[in-house]
Amino acid sequence: MGISFLDEERNTFSPADYVMFALLLVVSASIGIFYAIKDRKKTNTKDFLLAGGNMNPIPVALSLVASFMSAITLLGTPSEMYSYTTMYWYIAISYFFVCGAAAHLFTPAFYRLRVTSVYEYLELRFSKGVRTAGSITFSVQMLLYMAIVLYAPSLALNAVTGFDLWWSVVAVGLVCTFYTTLGGMKAVLWTDAFQVVMMMIGLLATLIEGSIRAGGFASAWKSAEATGRVVFNDFDPDPKVRHSFWSLTIGGFFTWVAVYGVNQAQVQRACTCKTLRGAQLAMWLNFPGLTIILMICCLIGMVLYDFYKTCDPKSLMLITQGDQLLPLFVMDILGQMQGLPGLFVSCLFSGALSTISSGLNSLSTVILQDVIKAYIMKDLPEKKATIISKILVVVLGLVCLALAYVASLLGSVLQAALSLFGIIGGPLLGIFVLGLFFPWANKWGAFSGLFTALGIMMWIGIGAQIEKYPNPTSSIDTSGCNWNLTTATPASTNITAEVKTWGPLIDLYRLSYLWFSAEAVLIAVGVGLIISFITGASKPAKIDPRLIVPIFDILFPCLPEKIRKPLRFGVNHKNSSDSQEDQCQVQTISGRHVSHNQFGSYSKTPNTRPGILKTPSHSISSVDSGKDSIKTTSFSDDISIRTISSKVSYESSV
């Protein structure tokens, strides 16, 4: 069953729809007010930024799903299926490996160090300068991404429903800033959980009603097959192919592991869990959530095509971008059912609210820890730090509103967002990979790798935007259209694409956006290692083993010790076993102390050993202090490890 646009009036929002949307904003704001009142006596940054570090894995997992399954995914994925082929389904494979890598390679490293900002790791591993460079890069990425997330759904809804563009932008931006400022991380986590439920309800309502109106799933599948949209056999290794099996699985892995492995917003959520095991469970529970939302969005895309298969709305200029297709579809099938379009809008903006609140909270954390505490007010009292965090959320929320118009210049929101993850997030992932998995890397290699990868990827990304290489779409049909619009195109249209010669340099701009992150990691790691060896590589034996991930021990735990030992490349991981019960006192850069089983989970302990001896790097010293023997041993160029009996404290010497 298709649709023929006749002389009927287009559906618009009813008062009931506005009430539904307003309820979403009211409930979200109420959660912030609730936690502001409930935790009003708690004035430390751990409660505000890390929810006290005692969260259950389930709300954390729901928040992980919501944070980057934003309105961009809800709008972009159905449009992708309508305009191209079913190949995009393969990206679900990458989700599985991303969740596994995040749970077992990245999250344990950050959780055990108990860093508030993930970029504290870069100072521990390299230097304060590398930490600052990483923080600034992340801040730029998240501000741009939040602008896309805020503006894109508002623009799409305005185009097809008459829903006021700037009213929705300002309302969503202010409400999100309000509850994030008042309630902190707890409000963000529980609001995300509520918003995931809203997203699922809205998506399922759209899918079920849409499939009924379009003739069922069988009809949708047959229509897609008839026009060549059902494609699962594109195994072309050419990196210029936009969506192939390899770009979606391997390229998709690097794109999304930059988000779930090292992005501050996601790592900060993992660190709110009571235990490391809970954080790992939250990461794994994230996988079915991501996959279910992807599947529903893909199915909606197929139903979209079956509904409009003989009358393409874009050809009729009913919409100007593919991202407006789903809101148009909702108004066509649900527009006469008052309140249901409002439910869909709530679903769409739930994705936007969850992403923006996550971004505001993580950005305020990074600026507080990596700029204010690191350079301006090193001994900032907890109460003042919490107040500054809240002020930062307000300022960043206003900046996000001011930047919202930038998204209109970026084309397809799905491709724009994933390109941003690759162009900026890829180099960031690269220096974390360099630090976590390559013990020879030093700070000069990290600097060089980051800036080289950023420069090359920005050049490719900007070049691709300028050249705008056309990606062939699946066939469209307007033979069933019969709507009297002066701007409507004829039912039969013959379009000849411009023939353009592409040289070797221009071919670089044709690289699939899904390969951006993988290419950035290769550049950052490759350049980083070369510069590290030129300037004097770090000696693995002198690196604090907690800063290096023993990847072969994790991936192949059943291998004999004689095989695994050389695969540690000289890093002293031999005493880091689950059976080891040595309790150590670890002080991170932020000054907090944690007790841990060397290869197990950490728990917070009070600072019981003041006056730890400081010595310069490259030195070994021993001082008798009553009953305790205080020793200081140099670890690489930038890290010193200090021991009081069995108690250990780490601090950057840069």
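A short reminder: the numbers here are calculations on the coordinates, not readings from a lab. The structure presented is a predicted model; accordingly, all values stated were derived computationally and were not measured. Positions of Cβ are backbone-derived with ideal geometry, glycine not excepted, and every protein chain shown enters the neighbour counts.
So the values come out like this:
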| item | result |
| --- | --- |
| Stretchable slack from W284 to H104, in nm (0.36 nm times residue separation minus alpha-carbon distance) | 63.8 nm |
| Extended-chain gain in nm, criterion 0.36 nm per residue less alpha-carbon gap, M317 and E225 | 30.5 nm |
| Separation in nanometres of the label points that stand 7 Å from Cα toward Cβ, at L23 and V371 | 4.0 |
| Peptides ranked, highest mean first, by Cβ atoms within 10 Å: ranges 446-454, 188-196, 556-564 | 188-196, 446-454, 556-564 |
| Part-to-part distance (alpha-carbon centres) for the range 430-478 and the range 302-352, which is given in Å | 33 |
| Cα centroid separation, the range 76-136 to the range 354-402 (Å) | 21 |
| Karplus-derived 3J(HN,Hα), 6.51/-1.76/1.60, for each residue of the range 99-107, Hz, glycine and proline x | 5, x, 5, 5, 6, 10, 10, 8, 4 |
| In Hz, Karplus ³J(HN,Hα) per residue of the range 212-223 (6.51, -1.76, 1.60; θ = phi - 60°; x = Gly, Pro) | 5, 5, 8, x, x, 5, 4, 5, 4, 5, 5, 4 |
| ³J(HN,Hα) computed for each position of the range 361-375 - Karplus, 6.51 cos²θ - 1.76 cosθ + 1.60, integer Hz, glycine/proline x | 5, 6, 5, 5, 5, 5, 5, 4, 6, 9, 10, 5, 6, 7, 10 |
| Exposure proxy ranking, count of Cβ atoms within 10 Å, fewest first, for I534, I72, I476 | I534, I476, I72 |
| For C273, distant residues with modelled amide H under 5 Å away | M55 |
| Cross-link table K128/K565; K41/K186; K542/K565; K186/K274, entries beyond 23 Å C-alpha to C-alpha | K128/K565 |
| Burial ordering of R131, R40, R277, fewest other beta-carbon atoms within 10 Å first | R40, R277, R131 |
| K383/W166 FRET efficiency (R0 25 Å; Cβ-Cβ; nearest 0.05) | 0.10 |
| Net lengthening on full extension, Y469/T12 (0.36 nm per residue, minus Cα-Cα) | 161.0 nm |
| Highest-first arrangement of 55-61, 288-294, where packing means the average Cβ count within 10 Å | 55-61, 288-294 |
| W459 paired with L522, simple spin-label distance in nm, labels 7 Å along Cα-to-beta-carbon | 1.6 |
| Efficiency of FRET from Cβ geometry, I37 and I212, R₀ 51 Å, rounded to 0.05 | 0.70 |
| Relative packing of 17-24, 178-185, which averages over residues the other C-beta atoms within 10 Å, highest first | 178-185, 17-24 |
| Label-point separation in nm, N572 to I530, each point 7 Å along Cα→Cβ | 3.4 |
| Förster radius 30 Å - calculated FRET efficiency between F97 and K562, Cβ distance, rounded to 0.05 | 0.55 |
| Per-residue Cβ neighbour rank within 10 angstrom, fewest leading, I431, I551, I523 | I551, I523, I431 |
